[in-house]
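Take a look at the structure below.
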Amino acid sequence: MAHLRSRRRAALIVPLGAALVASVGFVPAAASAAPDDVPAAVSAKPAKDAPVFAYVVNTRTDRKTIAYVKRAIARAGGSVVVTHEKIGVIVAHSSDSSFGERIREVRGVRSAGATHTAPLRAAGTTDDGKARPLSEGDAKALARSAAPGAEPMEADQWDLRAIGADKAAKINPGSRKVTVAVIDTGVDDTHPDLAPNFSASQSASCVGGKADTSAGAWRPANKDHYHGTHVAGEIGAARNGVGVAGVAPGVKIAGIKVADPVDELFYPENVVCAFVFAAEHGVEITNNSYYVDPWLYNCKDDPDQKAILDAVNRAQLYAQRKGTLNVASAGNSNHDLASDAIVDDSSPDDSTPVTRTIDPSECLDVPTQLPGVVTTSATGVRNLKSSYSSYGKGVVDVTAPGGDKYQLPTDTPLKNGNILSTMPGGGYGWLRGTSMAAPHASGVAALLKSTHPKAGPAELQRLLKSQADRLECPDTPYDPDGDGDADAVCESGGKDKNGFYGAGLVDALDAVKKK
């Protein structure tokens, strides 16, 4: 299963029918022409039937250098899968175990490394725990509780009311000129709550690192890959008298599938493809409720992880330059991303994990900690940090509802503290996680873009922060499970931010009021 911003999870679905500044790895200016011949030193002949690995090769961005490196890749026993010329990222496959080391020595290559620690086979999200389907009986009970003019299940969407999205929809539900792309496990665009707002022309599958825009390619591989469909509903489920409502029910939703169909992991080459595709197809906002597998944190002093950092950062910065705001979830490990050290015992997740201690200022959660990305922590019903949510002073930008098992509502029919949204096959279900917080922030950003159509990514992020409702650090030790031990420490950050909530809780109602 994928790391949809946390640990692995199982699925159970019952259909109901009807985190722009200086980059980590910058894209350099065009270089002078490289020589036409490739040094024989990089020549290699792969062993027959040797396992194949995927690589990202990050180069200078002039065409001659890229052409030179592509020839070097071939001479080193590799094959080019796709070339993203505008950002200087080449995705390659090779069965030569020395390919990465060899190609890093080629002139014009800035970084290169394997994107998997296990071989490719034929054929990292952020929810916390298992999905719970909404039963047909509960659905009928919710419909009976629906207020006049509300969606049938809206009575249990405490999260919409927490950020004023129910009131915002009466003023401005969002513009059809704004698209939010859900980079995820795929989106079921046939769902009756998603079909009215779905943009097929801005959707694709990026599995394998190359965009596939054939009809339905963006849909999840199976119903167990429900994460992207749930996220999409939180952002833009239509107000059409069916099911639930999204934060921005008038905007368009696109799906860019990046999850591997077998292990549901989010590999770097797929994510690079997704950012580039979104940038080149007029997407205003991307939602990223995952971390890039196989490493929970990518360390700059490791050549493979450095290459992953560089490649994904080039892609997301390219999207920003093209006018796209990237929103990401902070993670579900309850890690302090501003601390001196974090123990990571889950990486790599595509082979055998090893325990390591990392410095989160040098080993980054990708894309969450990349420059310009809106890093979103999660809150529960009481506007308290969710027990699982990662945090960090100067890292978290804003917070949004993600649900929490320790914070339960008293004013909803089903008293569920998680987030209710769409599931594949026409169903609905509950999930919690920073995966659920990020789409609330993305939805509010979409409303801001609808209200301020000329605002670019940096201005949208400024507005998102300035209009957020300030949440102070808790006055008492943070102990959500009540066991007597403080589970996290909130560090105050002055007037505009703190470690738990950043600038505060996103505000949909303020987003639709011009200021």
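Observations on the structure shown:
- Note on the chain: dipole from Cβ charges, positive end direction compared against Pro477, Gly216, Ala114; the farthest Cα belongs to Gly216.
- Global geometry of region 306-395, whether rounded, prolate or oblate, following the gyration tensor of its Cα atoms and the 1.5 cut on a/c: oblate
- About the Cα centre, charge dipole magnitude for the chain (Lys/Arg +1, Asp/Glu -1 at Cβ), debye: 1880 debye
- Region 159-316, dipole about Cα centre (Lys/Arg Cβ +1, Asp/Glu Cβ -1), debye to the nearest 20: 840 debye
- Taken over the chain, the percentage of Cα pairs per 10 Å bin, counting from 0 up to the bin with the maximum distance, is 4, 21, 31, 25, 12, 5, 1, 0.
- Rounded to the nearest whole Hz, the Karplus-based 3J(HN,Hα) values (6.51 cos²θ - 1.76 cosθ + 1.60, θ = phi - 60°) of region 291-304 follow the sequence 10, 6, 6, x, 10, 4, 10, 9, 9, 5, 8, 9, x, 5, with x at glycine and proline.
- For the listed peptides 259-266, 415-422, a ranking on the average number of other beta carbons within 10 Å per residue, highest first, reads 415-422, 259-266.
- Cα-based reach from Lys405 at 12 Å (exclusive), listing aspartates and glutamates while leaving out same-chain residues under 8 positions away: Asp128, Asp481
- Cα gyration tensor category, rounded, prolate or oblate, for region 374-495 with a/c compared to 1.5: oblate
- Amide proton proximity set for Leu120, modelled H, under 5 Å, gap of 5+: Val52, Phe53, Ala54
- Cα-based shape type of region 386-437, given that a ≥ b ≥ c are square roots of the gyration tensor eigenvalues and the cut on a/c is 1.5: oblate
- In this simple spin-label model, placing a label point 7 Å from the Cα along the Cα-to-Cβ direction at both Ala50 and Asp301 gives a separation of 2.9 nm.
- Solvent-accessible area per residue for region 255-358 (1.4 angstrom probe, square angstrom): 26 Å²
- Stretching Ser466 away from Leu408 to a fully extended chain increases their span by 18.0 nm, per 0.36 nm per residue minus the current alpha-carbon distance.
- Per-residue ³J(HN,Hα) for region 225-242, Karplus 6.51 cos²θ - 1.76 cosθ + 1.60, θ = phi - 60°, Hz, x for Gly and Pro: 8, 8, 4, x, 5, 5, 4, 4, x, 4, 6, x, 4, 5, 8, 10, x, 10
- Phi to ³J(HN,Hα) by Karplus 6.51 cos²θ - 1.76 cosθ + 1.60 over region 259-267, Hz, x for Gly, Pro: 6, 4, x, 9, 9, 6, 8, 9, 7
- Euclidean distance between Cα centres, region 301-329 to region 342-408, Å: 17 Å
- Förster-model FRET efficiency, 22 Å R0, His452 and Thr213, C-beta, rounded to 0.05: 0.15
- Helix content alone sets the calculated 222 nm mean residue ellipticity of the chain: runs of n ≥ 4 DSSP H residues at -39500 (n - 2.57) each, divided across all residues, give -6500 deg cm²/dmol.
- Fraction of accessible area attributable to carbon and sulfur, the chain (%, probe 1.4 Å): 50 percent
- For region 286-346, the dipole from Cβ point charges (+1 on Lys and Arg, -1 on Asp and Glu) about the Cα centre works out to 560 debye, to the nearest 20.
- Modelled FRET efficiency - R0 41 Å, Ile171 with Ser361, Cβ distances, 0.05 increments: 0.50
- Entries in Lys86/Lys465; Lys167/Lys393; Lys210/Lys449; Lys465/Lys514 that, when Cα-Cα distance is taken, lie over 26 Å: Lys86/Lys465; Lys167/Lys393; Lys210/Lys449
- Peptide packing: for 56-67, 457-468, the average count of neighbouring Cβ atoms within 10 Å per residue gives the ranking 56-67, 457-468, highest mean first.
- Using C-alpha pairs below 8 Å separated by at least 6 residues, the relative contact order for region 220-262 is 30 percent.
- Most to least packed among 498-504, 238-244 [average Cβ atoms within 10 Å]: 498-504, 238-244
The values are calculated or read from the model by the stated rules, or taken from the named source; none is laboratory data. Bear in mind that the values here come from a model prediction, so they are computed numbers and not experimental data. When we count neighbours, we look across all protein chains shown, and the Cβ atoms used for this are built from the backbone with ideal geometry, even at glycine. Areas reflect the complete protein model, heavy atoms only, side chains present, ligands, DNA and RNA absent. Shrake-Rupley method; radii C 1.70, N 1.55, O 1.52, S 1.80 Å.
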